[in-house]
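Beneath this line is the structure, given in structure tokens, with notes to follow.
The values are calculated or read from the model by the stated rules, or taken from the named source; none is laboratory data. All values derive from a computational prediction rather than experimental measurement. With ideal geometry, Cβ positions are generated from the backbone for all residues, glycine too; neighbour counts draw on all protein chains shown.
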């Protein structure tokens with residue numbers, strides 16, 4: 001997910017990453033849907049056009065942002081997204 005995006009592409013990507021972030025937090029961290037959605041909104045804040053590096057948050061999958069680093073140490077099988085993650089739309 002890199003390169004210059006139109007505003008529509010940015011918003012679409014932002015919404016998709018929020019949904020995926022929330023899905024991971026619900027499935028693997030046991031958050032409620034409301035908690036996970038709030039965490040996703042907090043992490044993936046909208047940044048207006050012209051904001052330096054506003055696409056930087058997309059350099060990695062929401063999967064990695066949603067799971068704390070220590071989680072991968074105790075669950076190494078989760079270092080990479082599972083197939084179901086890519087089905088989240």
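Does residue 83 meet the test of being loosely packed, with under 10 Cβ neighbours inside 10 Å and without any contact (Cβ under 8 Å) to a residue 24 or more places away in the chain?
The answer is yes for residue 83.
Looking only at residues that are within 24 Å of residue 7 (Cα to Cα) and either touching a helix residue (DSSP H, G or I) at 6+ places or on another chain (Cβ under 8 Å) or at pLDDT below 95 (or both) in the range 30-46, which one is surrounded by the fewest Cβ atoms within 10 Å (Cβ to Cβ)? First the steps, then the outcome.
First pass over the range 30-46, keeping only residues within 24 Å of residue 7 (Cα to Cα): 37-46.
Next cut, either touching a helix residue (DSSP H, G or I) at 6+ places or on another chain (Cβ under 8 Å) or at pLDDT below 95 (or both) only: 37, 39-41, 43-44, 46.
On the way: 37: 17, 39: 20, 40: 24, 41: 13, 43: 16, 44: 22, 46: 11.
Per the stated criteria, the residue is 46.
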